[in-house]
């Protein structure tokens with residue numbers, strides 16, 4: 001069995017209480033997608049019970065005390081590294097500063113966990129979860145190249161699989177996709193509008209759908225299922241089959257996802273969609289743009305089951321209880337897409353620009369002006385290099401960054417300096433999930449930050465009421481028919497976020513790419529602007545003097561899906577406007 005480096009727990013390198021990370025071959029392989037991995041990955045599998053997990057301290061090198069994917073944890077400075085990097089060099093000081101902040105964040109997250117004691121369980125959508133028997137039945141019927149088995153054969157297969165798989169160690173979660181329309185990069189606005197009218201379901205349809213997932217900490221396999229309406233009933237069909245999925249983008253590329261660590265609300269998983277040629281046309285166009293990299297956003301997780309999986313593994317490894325929170329905190333910090341120091345700088349930049357936007361007389365309209373500016377600039381400037389240059393990808397990267405920088409100067413945001421621009425572009429390279437022409441919705445998230453999952457789901461719920469078939473678009477006239485201007489908003493929230501029916505229709509007529517339809521992406525952009533105007537998001541608490549305590553609190557906000565008091569105004573506004 002291959003040994004994976006151990007995790008530093010309490011600052012000592014020779015303790016026998018440190019957990020051992022193993023690359024273990026499971027006795028019962030996953031039922032599908034075996035080609036993705038010859039073995040199953042976990043930092044604690046059932047098959048490892050039968051193996052000797054004791055490692056003498058002298059067998060572990062001091063420079064390999066972290067698991068391979070824990071790249072953000074402060075690495076111990078060896079004598080060789082200190083000799084090659086003088087103490088007075090700027091690089092060494094920067095690494096020390098980053099490492100010091102990372103250590104403080106780990107400590108603060110641990111303190112938050114100890115104070116809270118436990119996570120809040122997933123409350124909503126629990127009744128919609130399917131049973132393992134239903135999921136397994138769907139998987140067997142949809143296996144490529146197989147005919148539908150008889151009822152007797154199916155029953156025997158289910159019993160056999162249930163016998164060899166421990167379904168008690170499973171974890172439910174809910175996810176959605178983060179996709180966009182590559183046709184938006186076309187120079188002709190009428191061409192983009194034609195695609196919206198042509199498709200029965202636009203690409204935004206996939207942003208509206210929620211997928212139910214089940215993960216098995218035993219072997220780190222997981223699957224996604226979508227509920228389809230068939231006749232008078234519904235049936236769960238597999239979207240991503242049960243398998244070990246590896247990160248397809250960023251610093252963790254090639255590393256397997258560990259559900260009990262990586263599945264946190266708001267996290268985006270980058271996985272390879274193996275059968276893109278069979279995907280529906282809108283989704284296939286997106287996958288062609290990203291080279292089959294699919295962005296899966298985690299909406300909610302059964303944290304009770306996740307904690308149970310963590311406790312089971314830590315108990316199996318005979319780890320003292322007083323070190324549990326320390327291990328969990330460090331693992332959660334390690335899975336961040338950026339180093340804590342860079343993440344704090346990004347939050348500070350976004351918080352500054354969000355405050356600058358709120359100080360404008362009409363912040364919602366101003367946000368949408370930047371949205372339209374980026375959409376038009378991309379359509380006009382990102383098309384020429386594709387046909388006129390051999391090295392189109394590199395040219396598109398250069399042009400995309402130039403459009404981003406020009407837009408910020410055009411919008412006259414404060415503190416648009418080179419360091420901030422470099423950090424924004426580095427963030428996209430780490431979290432974008434694709435190369436080449438950058439979509440303007442990703443631009444806006446880079447500049448102002450993303451929505452919280454609670455607010456995102458409220459927006460989805462409001463649009464789904466007007467679009468019950470989840471086509472991804474609706475008639476512009478229906479928007480006014482469903483809208484009810486809340487009178488109380490004028491007094492309680494002010495004119496910056498209050499829109500009468502006529503004003504709302506006028507705003508969307510200027511925003512939409514098609515004169516007849518409103519796409520969900522445009523509807524979401526409007527409420528992203530409203531969310532920034534109302535403030536109350538976690539990033540709004542960040543200031544230039546914020547320290548590791550604030551960053552730890554932001555991480556805890558993602559872990560805890562309980563309603564926040566700061567979301568009450570936004571929730572009340574959107575519920576009143578659309579009657580949800």
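The values are calculated or read from the model by the stated rules, or taken from the named source; none is laboratory data. As the structure is a prediction and not an experimental result, all values here were calculated from the model. A quick note on method: Cβ atoms are made from the backbone with ideal geometry, for glycine too, and the neighbour counts reach across all protein chains shown.
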Elements of type helices (runs of 4 or more DSSP H) contained in the stretch 440-497, each with 2 or more residues being at pLDDT 85 or above and assigned by TED's automatic domain parsing to the domain that holds residue 422: 440-448, 453-466, 476-482
Those residues of the stretch 498-507 which are surrounded by 16 or more Cβ atoms within 10 Å (Cβ to Cβ) and either at positive phi or not in a helix (DSSP H, G or I) (or both), in sequence order: 498, 499
